[in-house]
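A.B. asks: Below: one structure in structure tokens.
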Amino acid sequence: MPVDYVSGVKFGIASYVACNIVLFVSELVLTDEERARAGERLVTLLERYERDLPETPVLPEPDRDRLAELLADSLPEKGIGVDGLFDRIEDTIVANSATVAHSRFLAYVLGPPNGIAAYTEAIAATINQNCNFWQLSPAASVVERSVLEWLASVVEFPASAKGILTGGGSLATLQALATALNDRVPGFRGTGLQRPGPPLVVYTSVEAHRSVDKAAAILGIGVDHVRHIATDEENRLDVAALTAAIEADRAAGRQPWCVVATCGTVATGAVDPLEAIADLCAEQELWLHVDGAYGGLFLLCNEMRELMAGCARADSISLDPHKLLFAPLEAGCLLVRDGTKLRAAFAFDSSYLTVADDPLLTDYMDYGPQLSRNFKALKVWSALQAFGVEAFRATTRRTLELAQYFARGIEAIPGLTLLAPVTLTAVCFAVDGASPAEQTTLLETLAAENTALLGPVLINGKHGLRACITNHRTTAADIDLILARLQDVAAGRG
Ligand SMILES: Cc1ncc(COP(=O)(O)O)c(C=O)c1O
């Protein structure tokens, strides 16, 4: 083949490729028309969702056939386009989702998202910052730092504190215990727990969240080395029993290492005696982690400060902005009093990720186990910017008041009994004489008839129902409606 011809062919291929590269438009970018249509559909969906909320069942009965169709679909070779997708999302997904934003969605510590969240989540997805090292996310790094400093100021942690936003309270506790291990076990990074020495013991109460056991299991401490300390008559960790357990472990040659106290237990909202526990931890040289996933952010309300004052003395604390700051899932937070300890537990050198240190900017990959991380801080920061902390203070205060109102209503109805004091927003009660199965049926009935979604509870061996009013949309009228229905139930009328 003549040389000219070969180079001509090569040139032709090269110019074809170049031309295609220049003209190339990704299949994954929407056209102007599609973008306009997607915006329209999204706005319509959000508007309709909000407008229909009062009439939407709190727990729609899932359309199983429709959901099963999702599994019958094979990997779609061809796309269904913007309208096809929105139709499917509306008919199949939204229609078969729990209505978390319903004002009588009162099961679990799970609030509806705040009103700005949907929009800021879209922005976070658009700019898609990778919050691992600052070069990939300079503004996000500062926003996260700002949120963490705000939260640290709420719990009155010192300026030395550092933290990280996490996937939730469970992960925050896991990361706290990893930090505590690294801090208290010599050579931990090298040997882990595979070293000679006494077994480490962690103490928490029988009412603590299961995430403490999970963290102990995952970190290799072992659930057998978690002491579930008895509680007092108000479901708070019993400090005398804790002291005795620590002494017994020392006497048996084990190594007491950490206490996880709870600021707002998941079932009843009890707040452990944090000051007394902090005193004991100081005396015994134990790491104190406070699980504040449920209750910690009630510190926004001045009236809760005295009860929760011990939070400020913890070595670490977990908080959940996706609970009391009504951020959409997921937004948890870990704060560590001495931030260098958090960094010591999680920072690793890697030649392919090194960026110059900058005092303004933080590499969050050095403060937790994740490398790629989404921009969780945007939704928390944006809501605080948009509404101001005063709005959150008012909201959390109202939920506390509504819980007291609910509790007084329960006490006033013959045939209903409160199962625990109401410290925060969890109201636990039982229908006198009802078996566990009957109470379960009652929960199902209340949900099916759209009275409310409440949850089950088991306290000191007693089964009951639990309304957790961690919901910024709940009103006194909602509580009245539930109480009226419960009055009928207690009177044997339904
Ligand atoms: C006291 C307590 N700790 C931890 C958790 C777990 O938090 P998350 O679901 O964010 O992991 C909860 C959840 O309700 C809780 O109430």
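The values are calculated or read from the model by the stated rules, or taken from the named source; none is laboratory data. Quick caveat: nothing in here was measured; it's all calculated off a predicted structure. When we count neighbours, we look across all protein chains shown, and the Cβ atoms used for this are built from the backbone with ideal geometry, even at glycine. Heavy atoms of the whole protein, side chains included, go into the accessibility calculation; ligands, DNA and RNA do not. Shrake-Rupley method; radii C 1.70, N 1.55, O 1.52, S 1.80 Å.
Per-residue answers, yes or no, for (1) at negative phi; (2) acidic (Asp, Glu); (3) within 16 Å of the ligand (Cβ to nearest atom):
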{"site": "CYS301", "(1), (2), (3)": "yes, no, no"}
{"site": "CYS311", "(1), (2), (3)": "yes, no, yes"}
{"site": "LEU325", "(1), (2), (3)": "yes, no, yes"}
{"site": "ALA347", "(1), (2), (3)": "yes, no, no"}
{"site": "TYR352", "(1), (2), (3)": "yes, no, no"}
{"site": "ASP366", "(1), (2), (3)": "yes, yes, no"}
{"site": "ARG373", "(1), (2), (3)": "yes, no, no"}
{"site": "ALA386", "(1), (2), (3)": "yes, no, no"}
{"site": "ALA407", "(1), (2), (3)": "yes, no, no"}
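A.B. asks: Test CYS281 against the criterion of being away from the ligand (no atom under 16 Å from the Cβ), of a type outside the set (D, E, K, R) and not in a strand (DSSP E or B), and give yes or no.
C.D. replies: On the way: away from the ligand (no atom under 16 Å from the Cβ): yes; of a type outside the set (D, E, K, R): yes; not in a strand (DSSP E or B): yes.
Considered against the rule, which asks whether it is away from the ligand (no atom under 16 Å from the Cβ), of a type outside the set (D, E, K, R) and not in a strand (DSSP E or B), CYS281 comes out as yes.
A.B. asks: Next up: Is one or more of the residues making up segment 195-218 under 20 Å from the mean Cα position of the chain (by Cα), among the β-branched types (Val, Ile, Thr) and surrounded by fewer than 22 Cβ atoms within 10 Å (Cβ to Cβ)?
C.D. replies: Yes, some residue in segment 195-218 is under 20 Å from the mean Cα position of the chain (by Cα), among the β-branched types (Val, Ile, Thr) and surrounded by fewer than 22 Cβ atoms within 10 Å (Cβ to Cβ).
A.B. asks: Does any residue in segment 285-296 that is over 16 Å from LEU174 (Cβ atoms) and part of a strand (DSSP E or B) come within less than 6 Å, Cβ to Cβ, of a residue that is open to solvent by 10 Å² or more (accessible area, probe 1.4 Å) and more than 7 Å from the ligand (Cβ to nearest atom) six or more places away or on a different chain, and which pairs are these?
C.D. replies: Matching pairs, first to second residue: LEU288/ASP315.
A.B. asks: If you take the residues of segment 315-339 that are charged (D, E, K, R) and surrounded by fewer than 24 Cβ atoms within 10 Å (Cβ to Cβ), which of them is nearest to VAL212 (Cα to Cα)?
C.D. replies: ASP315
A.B. asks: Hey, does segment 460-476 have a residue that's at positive phi and not polar (S, T, N, Q)?
C.D. replies: yes
A.B. asks: Another one. Could you tell me which of the residues VAL259, VAL212 is in a strand (DSSP E or B) and within 16 Å of VAL290 (Cβ to Cβ)?
C.D. replies: Result of the check over VAL259, VAL212: VAL259.
A.B. asks: Any residue in segment 150-158 that is among the β-branched types (Val, Ile, Thr) and part of a loop (DSSP other than H, G, I, E, B)?
C.D. replies: Yes, because at least one residue in segment 150-158 is among the β-branched types (Val, Ile, Thr) and part of a loop (DSSP other than H, G, I, E, B).
A.B. asks: Does LEU458 satisfy being under 26 Å from the mean Cα position of the chain (by Cα), modelled with pLDDT of 95 or more, outside the structural domain of VAL154 (by TED's automatic domain parsing) and open to solvent by 50 Å² or more (accessible area, probe 1.4 Å)?
C.D. replies: yes
A.B. asks: On to the next question. Hey, could you check segment 174-201 for residues that are in contact with a helix residue (DSSP H, G or I) (Cβ under 6 Å, 6 or more places away or on another chain) and outside any helix (DSSP H, G or I) and say which is nearest to the ligand (Cβ to nearest atom)?
C.D. replies: Out of the qualifying residues, it is VAL201.
A.B. asks: On to the next question. Which members of segment 327-343 meet the condition of being in contact with a helix residue (DSSP H, G or I) (Cβ under 6 Å, 6 or more places away or on another chain), away from the ligand (no atom under 16 Å from the Cβ) and not charged (D, E, K, R)?
C.D. replies: Selection gives VAL336, LEU342.
A.B. asks: Restricting attention to segment 375-417, report how many residues are in a helix (DSSP H, G or I), small (Gly, Ala, Ser) and in contact (Cβ under 8 Å) with a residue 60 or more places away in the chain.
C.D. replies: Matching residues across segment 375-417 total 6.
A.B. asks: Which one of the conditions (1) closer than 29 Å to ALA230 by Cβ; (2) of a type outside the set (D, E, K, R); (3) open to solvent by 10 Å² or more (accessible area, probe 1.4 Å) does LEU442 fail to meet, given that it meets all the rest?
C.D. replies: Evaluating LEU442 over (1) closer than 29 Å to ALA230 by Cβ; (2) of a type outside the set (D, E, K, R); (3) open to solvent by 10 Å² or more (accessible area, probe 1.4 Å) leaves (1) as the failure.
A.B. asks: Take TRP150 and tell me if it is touching a helix residue (DSSP H, G or I) at 6+ places or on another chain (Cβ under 8 Å), among the aromatic types (Phe, Trp, Tyr) and under 30 Å from ARG393 (Cβ atoms).
C.D. replies: For TRP150, the condition - touching a helix residue (DSSP H, G or I) at 6+ places or on another chain (Cβ under 8 Å), among the aromatic types (Phe, Trp, Tyr) and under 30 Å from ARG393 (Cβ atoms) - is met.
A.B. asks: Quick check: is even one residue across segment 437-448 under 30 Å from LEU299 (Cβ atoms) and not aromatic (Phe, Trp, Tyr)?
C.D. replies: Scanning segment 437-448, I find no residue that is under 30 Å from LEU299 (Cβ atoms) and not aromatic (Phe, Trp, Tyr), so the answer is no.
A.B. asks: Now a separate question. Go through segment 51-88 and report how many residues are in contact (Cβ under 8 Å) with a residue 24 or more places away in the chain, closer than 30 Å to GLY455 by Cα and open to solvent by 50 Å² or more (accessible area, probe 1.4 Å).
C.D. replies: Narrowing segment 51-88 to residues in contact (Cβ under 8 Å) with a residue 24 or more places away in the chain: 53-54, 56-63, 66-67, 81-83, 86.
From what is left, the residues that are closer than 30 Å to GLY455 by Cα are 53-54, 56-63, 66-67.
Filter again for open to solvent by 50 Å² or more (accessible area, probe 1.4 Å), leaving 54, 57, 59, 61, 63, 66-67.
Of the residues in segment 51-88, 7 are in contact (Cβ under 8 Å) with a residue 24 or more places away in the chain, closer than 30 Å to GLY455 by Cα and open to solvent by 50 Å² or more (accessible area, probe 1.4 Å).
A.B. asks: Can you name every residue in segment 368-387 that is open to solvent by less than 20 Å² (accessible area, probe 1.4 Å) and under 14 Å from ARG343 (Cβ atoms)?
C.D. replies: If the condition is that a residue be open to solvent by less than 20 Å² (accessible area, probe 1.4 Å) and under 14 Å from ARG343 (Cβ atoms), then GLY368 is the only one that fits.
A.B. asks: Right, next: Please determine whether any residue of segment 153-168 is open to solvent by 10 Å² or more (accessible area, probe 1.4 Å), among the polar types (S, T, N, Q), within 16 Å of the ligand (Cβ to nearest atom) and under 27 Å from ALA215 (Cβ atoms). Steps first, answer last, please.
C.D. replies: Applying the first criterion (open to solvent by 10 Å² or more (accessible area, probe 1.4 Å)) to segment 153-168 yields 153-154, 156-162, 167.
Filter again for among the polar types (S, T, N, Q), leaving 153, 160.
Now drop any that are not within 16 Å of the ligand (Cβ to nearest atom), which leaves none.
No, there is no match, as no residue in segment 153-168 is open to solvent by 10 Å² or more (accessible area, probe 1.4 Å), among the polar types (S, T, N, Q), within 16 Å of the ligand (Cβ to nearest atom) and under 27 Å from ALA215 (Cβ atoms).
A.B. asks: Does segment 89-131 hold any residues that are in contact with a Pro (Cβ under 9 Å, 6 or more places away or on another chain) and open to solvent by 20 Å² or more (accessible area, probe 1.4 Å), and which are they?
C.D. replies: ALA95, ASN96, SER97, ALA98, VAL100, SER103, PRO113, ALA118, GLU121, GLN129
A.B. asks: Still on this structure: Out of ALA434, ALA420, ALA447, which single residue is crowded, with 17+ Cβ neighbours inside 10 Å and part of a helix (DSSP H, G or I)?
C.D. replies: Working: ALA434 fails: part of a helix (DSSP H, G or I); ALA420 fails: part of a helix (DSSP H, G or I).
None of the other options fit; the residue is ALA447.
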